[in-house]
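For reference, the structure is listed below as structure tokens.
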Amino acid sequence: AAAKKAPARSPQYLTFEDIGGQEQAKRELTEALEFLVQRDKLSKLGIRPLKGILLTGPPGTGKTLLAKAAAQHTNSVFAAASGSEFVEMYVGVGAGRIRDLFQQARRQAIKEKKDCAIIFIDEIDGIGGKRDGGQHREYDQTLNQLLTEMDGIQGDEHPRVLLIAATNRKELLDSALLRPGRFDRHIQVDLPDKTGREHILELHARNKPLAEDVSLAKIADETFGFSGAQLESVMNEAAIYAMREENETISAANLAQAIDKVMMGERMDRETTR
Ligand code: ATP
């Protein structure tokens, strides 16, 4: 198990191969990306451009990683924002920020001589949650600006622009965002199954010396319900336990302690948010 492993690569070059499990999401995403890559061809046939892809699923399952890998896969520039940034902004500020995000992504693509720009908005429900009768002017303006930007995406423009958004709560999204011509593709990004967990553990063990008694398959078995982010945490915590014990390798016992710790942390989070 402690055999030589490939060194971990820089996160700037994140590819689909650096994402564990999520085979179906990866497949659906690469298929959808063909609409961006081949947009000129599609536009000649009168097919309307795919403007948005919505990634839905629990926290820490790799939605951000998928968006980054999508940019790498299509040789696009990557510009990101989080919906949570827009909460409690003054009137007009959120809308301006959205406008800048699209404008800067286009400019950067031109500067870097890239054909496409992928804009990623995490926690899109922070901007595009259901409207509640016009009580939040600021909020409405931000969402309206986002809709305007999406409507402004053209099939034959250069650079080509694609919006990828992520949410844990699709049911909260304003129906305006879900209308045809906006987020035309929805991709579910679920918690990993056993094979997925093992794959994720392997990826996060790439730069870690494991003791001979460690079986990642066994750990994958014991971590039912863990997200990718939690599995990353398990590997990292286990390495910290190994360091405290002055071990040169990470033992099965270190990993067991780390699983307990991550599980415990999860339980405490749930209790404090209740
Ligand atoms: P959120 O909804 O909280 O924004 P997310 O789905 O966007 O979460 P990411 O930010 O992509 O989750 O993942 C967080 C971290 O968890 C990653 O940086 C990575 O270390 C790890 N991780 C999550 N999923 C995977 C995966 N499928 N393969 C490898 N690592 C993963």
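Read-outs: derived from the displayed coordinates by stated rules, not from any lab. Predicted model, so just to flag it, every value in this text is computed and none were measured. Neighbour counts run over all protein chains shown; Cβ positions are idealised from the backbone, glycine included.
Values computed for the structure shown
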{"quantity": "Mean Cα-pair separation over length for the chain, i.e. relative contact order, pairs under 8 Å, 6 or more apart, %", "calculated": "26"}
{"quantity": "Among Gln72, Gln145, Ser215 the positive-end extreme of the charge dipole of the chain (Cβ point charges)", "calculated": "Gln145"}
{"quantity": "Nearest 10 degrees, 0 to 90: helix 228-244 Cα axis against the chain principal axis", "calculated": "40"}
{"quantity": "Student exercise, region 65-126 dipole from Lys, Arg, Asp, Glu Cβ charges, in Debye to nearest 20", "calculated": "460"}
{"quantity": "Nearest 10 degrees, 0 to 90: helix 252-272 Cα axis against the chain principal axis", "calculated": "50"}
{"quantity": "Straight-distance crosslink candidates among aspartates and glutamates, where the alpha carbon sits under 13 Å from Lys208 and sequence neighbours closer than 8 are dropped", "calculated": "Glu232, Glu237, Glu248"}
{"quantity": "Qualifying GluC sites (Glu not before Pro) for region 195-274 [loop in DSSP, other Cβ within 10 Å: at most 14]", "calculated": "Glu212, Glu245, Glu246, Glu248"}
{"quantity": "Cα convex hull volume per residue for region 56-191 (Å³)", "calculated": "101"}
{"quantity": "Residues with amide H under 5 Å from that of Ala80, placed H, sequence gap 5 or more", "calculated": "Phe120"}
{"quantity": "Rounded tilt (10° steps) of 137-152 against the dominant C-alpha axis of the chain", "calculated": "80"}
{"quantity": "Estimated FRET transfer efficiency (Ile110, Leu45; beta-carbon r; R0 30 Å; 0.05)", "calculated": "0.70"}
{"quantity": "Candidate lysines - alpha carbon under 23 Å from Lys170, same-chain residues fewer than 8 apart omitted", "calculated": "Lys26, Lys51, Lys63, Lys68, Lys130"}
{"quantity": "Estimated translational D of region 13-71 in µm²/s (Stokes, Kirkwood radius over Cα pairs; 25 °C; 0.890 mPa s)", "calculated": "196"}
{"quantity": "Alpha-carbon centroids, region 183-222 and region 68-116: separation in whole Å", "calculated": "30"}
{"quantity": "Length gained when the stretch Thr195-Asn75 is fully extended (0.36 nm per residue, less Cα-Cα span)", "calculated": "40.3 nm"}
{"quantity": "Long-range amide H partners of Arg48 with built H, under 5 Å", "calculated": "none"}
{"quantity": "About the Cα centre, charge dipole magnitude for region 120-232 (Lys/Arg +1, Asp/Glu -1 at Cβ), debye", "calculated": "160"}
{"quantity": "Neighbour count of at most 16 Cβ within 10 Å plus DSSP loop: longest chymotrypsin sites (Phe, Trp or Tyr not before Pro)-free window in the chain", "calculated": "91-223"}
{"quantity": "q = 0.09 Å⁻¹: log10 I(q)/I(0) that the Debye formula gives for the chain, counting C-alpha atoms only", "calculated": "-0.49"}
{"quantity": "Nonlocal amide H pairs with Gln22, under 5 Å, H built at 1.01 Å", "calculated": "Asp193"}
{"quantity": "Gyration tensor over alpha-carbon atoms, region 179-248, equivalent ellipsoid semi-axes in Å", "calculated": "32, 13, 9"}
{"quantity": "Stretch gain in nm, segment Glu23-Gln38, where the contour uses 0.36 nm per residue and the Cα spacing is subtracted", "calculated": "3.1 nm"}
{"quantity": "Spin-label model distance (nm) - Asp260 vs Asp221, 7 Å beyond Cα toward Cβ", "calculated": "2.0"}
